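The values are calculated or read from the model by the stated rules, or taken from the named source; none is laboratory data. Since this is a predicted model, take the numbers as computed values, not measurements. When we count neighbours, we look across all protein chains shown, and the Cβ atoms used for this are built from the backbone with ideal geometry, even at glycine. Heavy atoms of the whole protein, side chains included, go into the accessibility calculation; ligands, DNA and RNA do not. Shrake-Rupley method; radii C 1.70, N 1.55, O 1.52, S 1.80 Å.
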Amino acid sequence: MITIALSKGRIFDETTPLLSAAGIHALEDPEASRKLILPTNREDVRLIIVRATDVPTYVQYGAADLGIAGKDVLDEHGGEGLYQPLDLNIARCKMMVAVREDFDYEASIRQGARLKVVTKYVKTAREHFAAKGMHVDLIKLYGSMELGPLVGLADAIVDLVSTGGTLRANKLKAVEEIGAISSRLVVNQASYKVNRPLLQPIIDSFAGAIRHD
Amino acid sequence: MHNWLLPEYIEDVLPAEAARLESYRRQLLDLFRVHGYQYVMPPMMEYVESLLTGTGHDLDIATFKVVDQLTGRLMGLRADTTPQAARIDAHMLNHQGVSRLCYAGTVLRTKPDGLARTREPLQMGAELYGHAGIESDIEVQRLMIKALQLLGMQTLFVDVSHVAIFASLSHMAQLETQQEEELQAALHCKDVARVKALVANLPVKAQQPFIDLTHLHGGIEVLENAHDCLPDTPEIAQALQEMAAIAARLRSPSVEVTFDLSELRGYHYHSGLVFAAYAKGYAGPIALGGRYDEVGAAFGRARPATGFSLDLRGALLALGPAQTSMGVLAPVSDDPALQTMIETLRAEGTVVVEALPEAPVHYSELACDRILQKVDGCWQVLAV
């Protein structure tokens with residue numbers, strides 16, 4: 001039995017064509033069903049629906065053989081016990097630093113200011129600012145990061161930006177790109193060794209169906 | 001306050017599990033012994049200089065440290081017994097020829113690690129010093145396979161790699177240390193996108209072999225593919241030849257040999273063939289090993305070295321809960337015939353528990369399912 005861990009929403013929608021390429025079709029729609037384990041047309045393949053941030057954990061512990069997780073989530077997790085053989089080029093966006101429109105980010109860096117930063121991506125933010133040689137105080141939030149600078153909780157945010165609409169609506173501006181984000185296929189290392197005959201065809205089908213545009 | 005709670009990832013091993021663990025520990029040590037591996041008991045702690053020399057950054061992070069009140073020097077609680085065995089071989093034994101050592105004991109890790117996600121693995125291993133040929137690699141891998149089979153694993157997957165391949169490519173591309181480390185980390189998780197980004201500044205001809213490494217994993221066909229797509233250096237040719245020899249000698253109906261050329265675990269520590277054992281039902285490697293010829297140099301005497309180790313607690317995870325072996329309850333009595341009977345049973349290896357006056361009898365708590373009873377003037381073992 002091969003278990004594939006996915007999250008609902010954008011990742012699931014954009015993964016469906018990849019699964020089709022491997023001849024795998026979910027028998028139920030996760031948006032309509034309350035089930036967390038979805039059977040597929042193949043008896044030896046099932047899907048489990050988990051939170052995006054939990055996908056690497058399920059795969060690391062072998063509760064799932066394959067998973068699809070954003071690079072943002074993988075960087076926070078650290079990737080222990082996982083192979084990341086494919087960049088699926090789906091769910092693309094950017095990890096950015098953003099501040100209030102009236103905040104002079106460059107000037108405050110030059111002055112060596114110690115910035116307060118709110119983010120869900122603590123590890124990514126810590127490594128980014130450390131590489132720049134900046135002192136920052138990180139405050140972990142679980143959502144609505146954009147609010148932080150507006151209510152005086154922080155000077156800057158580190159968050160995913162796809163269209164920039166939310167930033168504009170809240171009078172924030174992106175000042176720095178930390179990196180491009182897309183979803184990756186992750187594979188449990190031990191499972192790849194012992195279930196290669198089952199996994200390799202799925203991975204190869206995914207690889208052949210990746211859109212490069 | 002719950003003063004009796006243990007720290008995270010530290011646990012007590014309770015009777016049924018402890019009995020099983022100890023039984024397998026003894027059986028494994030007996031297996032190592034009859035293969036000529038001599039048991040050593042290195043200390044739980046020693047100075048970090050000797051504990052960590054030549055072993056790399058990861059082990060440093062994994063090691064708990066304390067200050068020695070006698071000397072002011074920093075001591076480490078061992079996180080891996082292998083370097084200690086290497087130190088013993090290099091300095092204490094001073095054998096000119098081959099020495100074979102084995103060990104079994106608790107190691108401590110600052111962060112939970114391995115299959116059992118514990119900070120206190122029960123590490124067992126066997127190491128062979130003083131022989132550089134492939135025969136010693138085969139000997140330790142065969143011993144590892146026997147050890148895992150003794151633990152009840154029917155079908156094993158032995159995954160083989162060779163660090164000389166990456167080392168040769170890295171040398172040819174004249175990689176700087178930082179770039180080499182980043183590339184090695186990316187290869188380790190087969191992150192093709194990252195590998196491509198990291199080699200983008202190399203000449204085109206030098207890029208492709210690193211990218212190819214991420215795909216070179218699978219069955220015996222990998223070696224042929226590697227031969228076709230990797231540069232023809234003497235080091236790579238020899239590495240591929242050694243891997244082919246391993247496959248030919250280890251393969252059996254119950255052992256599948258696989259290859260993974262981007263597996264670079266312990267790259268700074270290992271120097272040749274490296275291997276890991278997997279089985280269905282385990283979320284990670286069960287046993288790890290490989291050649292580490294350079295480690296002895298840190299102790300002033302470089303010796304060819306190869307060996308393997310496993311965490312016995314992790315290795316038993318797939319066996320399910322341990323069953324307590326049940327014994328015989330003897331009643332309170334001064335009858336000399338009863339004492340004789342008890343000692344006879346014990347000499348045969350049967351557990352005999354002697355009841356104490358006025359103590360309540362709970363058969364399950366006493367782990368007994370039989371009793372000694374006098375029938376027609378004779379003491380007999382009867383079911384409860």
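For the options B:Val332, B:Val195, B:Val352, a Gaussian network treatment of chain B with springs between C-alpha atoms closer than 10 Å singles out B:Val332 as fluctuating the most. Peptide A:81-88 has a mean shielding of 5, counted as Cβ atoms of other protein chains within 10 Å of each residue's Cβ.
Listed by chain and number, the aspartates and glutamates whose alpha-carbon sits under 13 Å from that of A:Lys193, ignoring those within fewer than 8 places in the same chain, are A:Asp65, B:Asp159, B:Glu256, B:Asp260, B:Glu263.
Considering the zone a paramagnetic label at A:Glu177 would reach in this model (a point 7 Å from Cα along the Cα-to-Cβ line), which residues of segment B:178-197 have amide N under 19 Å from it? Once the point is set 7 Å along Cα→Cβ of A:Glu177, B:193-197 turn out to lie under 19 Å by backbone N, inside segment B:178-197. Computing FRET efficiency as 1/(1 + (r/R0)^6) for A:Asp13 and B:Gln154, where r is the C-beta to C-beta distance and R0 is 51 Å, gives about 0.75. Heavy-atom accessible area for B:His171, with the other protein chains in place and a 1.4 Å probe, reaches approximately 150 Å². Compared with the alpha-carbon gap, the fully stretched path from A:Lys123 to A:Gln111 is longer by 1.9 nm at 0.36 nm per residue.
Annotation: for a label point projected 7 angstrom from Cα along Cα→Cβ of A:Leu198, residues of segment A:18-52 with backbone N closer than 12 Å are A:43-47.
These residues, B:Arg119, A:Arg211, A:Arg92, go from largest to smallest accessible area, 1.4 Å probe, as A:Arg211, A:Arg92, B:Arg119. Calculated FRET efficiency, B:Gln96 and B:Gln323, Cβ-Cβ r, R0 45 Å, to nearest 0.05? Computed FRET efficiency for B:Gln96 and B:Gln323 comes out at 0.40. With the helix formula -39500 (n - 2.57) applied to DSSP H stretches of n ≥ 4, chain A reaches a computed 222 nm mean residue ellipticity of -9000 deg cm²/dmol. In the complete set of protein chains, residue-level accessible area for A:Ser144 is approximately 90 Å², probe 1.4 angstrom. Among beta bridges identified by DSSP and lying wholly in the protein assembly as shown, the antiparallel ones come to about 75 percent.
Dividing the summed -39500 (n - 2.57) terms of all DSSP H runs of n ≥ 4 by the residue count of chain B sets its mean residue ellipticity at 222 nm at -10500 deg cm²/dmol. Springs between Cα atoms under 10 Å define the GNM used for chain B, and in it the highest mean-square fluctuation of B:Ala16, B:Ala305, B:Ala147 occurs at B:Ala16. Here B:Phe157 sits with roughly 20 square angstrom of accessible surface, probe radius 1.4 Å. Over 22 Å between Cα atoms: which of A:Lys94/A:Lys140; A:Lys120/B:Lys190; A:Lys8/B:Lys196; A:Lys132/B:Lys111; A:Lys123/B:Lys280; A:Lys116/A:Lys173 fall into that group? Violating the 22 Å limit, Cα to Cα: A:Lys120/B:Lys190; A:Lys8/B:Lys196; A:Lys132/B:Lys111; A:Lys123/B:Lys280. Could you give the distance between the Cα centres of segment B:51-70 and segment B:219-266, to the whole Å? Each part reduced to its Cα centre gives a spacing of 34 Å. Accessible area per residue (1.4 Å probe, heavy atoms of protein chains only) ranks B:His362, A:His135 as A:His135, B:His362, with the largest value leading.
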